[in-house]
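These notes are about the structure you will find just below.
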Amino acid sequence: MKKSLLFIIIFLLTHINIYAQACCGNGLFDVSVLSLNKRAMFGINFRYDNYLGIWDDQSQWRKLNYTSYQLNPSFSTAYRFNRHFQIGISIPYVINKKNLPGLPDYGSGIGDISLNGRYEIFHEFEEKEIGRNIVIDKSKPYLAIIFGAIFPTGISDETANSDVDITGRGSFSSIIGLSAVKTLVRDKLQFGTDINWQHNFEQTYEKYFNEPLTTPFTRQIGDRFNFATSLNYILNLKNSFAIYLSGFLQNSLKVEETKINNSDEALLNFAFAYSYYPTTYLRFNSILKWNLPVSNIGKNSSGSLTFTLNLIYYIETLDF
Amino acid sequence: MKNLLLISNLISALLISACNKDNPVIPETSGSFSKVLSFDTAGYTFEMYSMSGNSLFIGYNDIGFKIYNNGIEKTSGFVKFTPVMYHFTSTHSTPVSSNFLYNTEKKLFTGYVSYIMYSDSGSVWTGTFNYNNELTVSNKPYTVYPRNGIQMQYWLNTQTSNYYLLTLIEPLEPKTGLNEYKLILHRTTNDFDFYEVDSAEFYIRPWMPSHGHGSSNNVNPIFKGNGKYEGIVNFTMPGQWYVYDSIKVNNNFITPTPSSYFVFDVR
């Protein structure tokens, strides 16, 4: 009974990936995957997104002439059930600031909660039997199937009173993908990649910006292909650095089941991350993500400078 | 034949005036108005001014006139101005104030012209000027230039058999955030007599098609007199936006379904 209760709580409160919930989102960063010696994690995260401009529908960069940023504290947790299966959840709180004259400049609320899991097919350096001997398998990479869902728990443009009140996308999303890591130099250098396909479901609007509509309409954001690659350099037992290249390609959106021309989205991000492990069960992680403010590397998306801080506490185990 | 001769004379006059380098036009102003046209006849001097600069442009133009009789400025009465465009095979007019009345603050007889076309090699604008029914000067040619940001919608409403013309006055250079949204609405049955449509109800819906979202904090335009309507439109981010206009007159929608829209390139 206790085990079942724990399972339910952990299922509802665990986390792996954080996905952007705004209309013109960012990439993904996996900061909280549980390694084999970790049973669970609890994370307090803080993200600051300073929006610098947008790429328009011709992929031309347009600098913003006003200040707009989002603060995004979140709580995340993850639980490993066995050698292959772990699941997590992230509960974000969204604070929007925007200084356009005559318009509300502040709004906040719970964002879209994301639930993610992964089924790990291989782990690196697993033991394998060759005849009577047990040897370390150096050939296999880490490989996992990742899956997840984003729940429309935030405030969307259907019920928000103004732009800054929007804290969520308003529609349900499902995610399936792969995650792989290959050590290039043992205990020093790793190459990682995550790819996933995000399907966004249709939303029916009965209201728009909290005003009743005479004729409801439907909108479906296009399906999105997310990708992220990283090169992780482990300096020593306590310090590691990583560089990331990430982004997404998104299909055209549909309104009333009609595909809108030229509404596909694309974005390319660069990031640098630093992790500090004061002990084996604590991790500080900081990420600086940026977009190059030039034309033709994004489309219908926002460019920002993002700073993320994560404080993660692990419960360790030797069971796996 | 008579029309062809007139058109030929008008084109010649335009070409000659355009090529006359000896008499460069020196812009003169009256407050925020700049002089665009001037001529003398029978002891009267007519001066035409525009708030759009020292030229007339397609779309809405705030216009003023100064009238002098033997050097004495007129400050009462009215000016009537009738613009007509000559094509090779047809003619038409454009929306214009029925009377230009003297504005003591601006020191001009003020009103507007909303040009539906600009001049080109096959299309010539002429004006007939009348001061207080004392003097009429017919078919003076002048040039109307193209301008960025000008937008009009023209449609037939089969229920009323009227053609409606909706002209955007502002914003011509839309910016991110709140923008004044000013329009003028006319109806016509013959392309010569345009009547201001008063007391219509406007419902606007800004939409960013490539992102699939609209905006909040918009104010539907309300009637301000002389066919003009003013509201507020909110463009929450840079890029291409549509603003759909649905218009009711006497409780009936006169706009087509689906509604037509203006397109804005927001910076």
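The values are calculated or read from the model by the stated rules, or taken from the named source; none is laboratory data. All values derive from a computational prediction rather than experimental measurement. Backbone-built Cβ (ideal geometry, glycine too); neighbour counts: all protein chains shown. Only protein heavy atoms, including side chains, enter the accessible area calculation; ligands, DNA and RNA are left aside. Shrake-Rupley method; radii C 1.70, N 1.55, O 1.52, S 1.80 Å.
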Just reorder B:Met237, B:Met117 by solvent-accessible area, largest first, 1.4 Å probe, all chains present.
B:Met117, B:Met237
Could you work out how far apart the two model spin labels at A:Phe85 and B:Tyr145 are, taking each label as a point 7 Å from the Cα in the direction of the beta carbon, and quote it in nm?
7.4 nm
With +1 on each Lys and Arg Cβ and -1 on each Asp and Glu Cβ, and nothing else charged, work out how big the dipole of the protein assembly as shown is about its Cα centre, in Debye to the nearest 20.
1500 debye
25 Å Cα-Cα threshold exceeded, pairs from A:Lys182/A:Lys289; A:Lys254/B:Lys182; B:Lys107/B:Lys248; A:Lys140/A:Lys289
A:Lys254/B:Lys182; B:Lys107/B:Lys248; A:Lys140/A:Lys289
Given GluC sites (Glu not before Pro), DSSP loops and at most 16 other Cβ atoms within 10 Å, the longest exposed-site-free stretch of chain A is A:1-125
If you wrap a convex hull around the alpha carbons of the protein assembly as shown, what volume per residue comes out, as a whole number of Å³?
207 Å³
Averaged across the residues of B:228-240, what count of C-beta atoms belonging to other chains lies within 10 Å of each residue's C-beta?
4
If I stretch the segment between A:Ile145 and A:Asn262 completely, what's the gain in nm (0.36 nm per residue apart, minus their alpha carbon distance), one decimal?
38.9 nm
Cα atoms only: what Rg and Dmax, in Å, come out for region A:2-316?
20.5, 77
Go through A:Ser108, A:Ala228, A:Ser252 and say which Cα lies farthest out towards the positive end of the charge dipole of the protein assembly as shown; charges sit on Cβ, +1 for Lys and Arg, -1 for Asp and Glu.
A:Ala228
With a 1.4 Å probe and ligands and nucleic acids left out, the total accessible area lost when B pairs with A, in Å² to the nearest 100, equals 1900 Å²
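For chain B, what is Rg from Cα atoms divided by 2.2 N^0.38 Å, rounded to two decimals?
On the way: Rg = 19.9 Å, N = 267, 2.2 N^0.38 = 18.4 Å.
Dividing the Cα Rg of chain B by 2.2 N^0.38 Å gives 1.08.
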Need the C-alpha centroid separation for region B:191-230 versus region B:54-126, integer Å.
25 Å
How large is the dipole of region A:2-316 about the Cα centre if only Lys and Arg carry +1 and Asp and Glu carry -1, each at its Cβ, rounded to the nearest 20 debye?
1200 debye
So the FRET efficiency between B:Thr136 and B:Asn190, C-beta based with R0 = 30 Å and rounded to 0.05, is 0.90
To the nearest 10 degrees, how steeply does helix B:2-19 sit against the main Cα axis of chain B, on a 0 to 90 scale?
90 degrees
Using a probe of 1.4 angstrom, how much of the accessible area of region A:2-316 is carbon and sulfur, in percent?
64 percent
Just checking the output field for B:257-263: average partner chain Cβ neighbours within 10 Å of each residue's Cβ?
0
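If you roll a 1.4 Å probe over the heavy atoms of the protein chains, what accessible area per residue do you get for the protein assembly as shown, in Å²?
47 Å²
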How big is Rg to Rh over region A:158-216, alpha-carbon atoms, Rh as the Kirkwood inverse-mean-distance radius?
1.33
Please give the FRET efficiency for A:Phe272 paired with A:Glu126, using the beta carbon to beta carbon distance and R0 = 41 Å, rounded to the nearest 0.05.
0.85
Estimated [θ] at 222 nm from DSSP helical runs (n ≥ 4, -39500 (n - 2.57)) normalised by residues in the protein assembly as shown, nearest 500
-1500 deg cm²/dmol
What is the angle, in °, between the Cα long axis of helix A:2-13 and the longest principal axis of the Cα atoms in chain A? Nearest 10 is fine, range 0 to 90.
50 degrees
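Could you give the longest part of chain B that holds none of the GluC sites (Glu not before Pro) found in DSSP loops with at most 15 neighbouring Cβ atoms within 10 Å?
Result, exposed sites excluded: B:135-267.
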Scan region B:67-102 for chymotrypsin sites (Phe, Trp or Tyr not before Pro) in coil per DSSP, keeping those whose Cβ has at most 13 other Cβ atoms within 10 Å, and list them by number.
B:Phe88
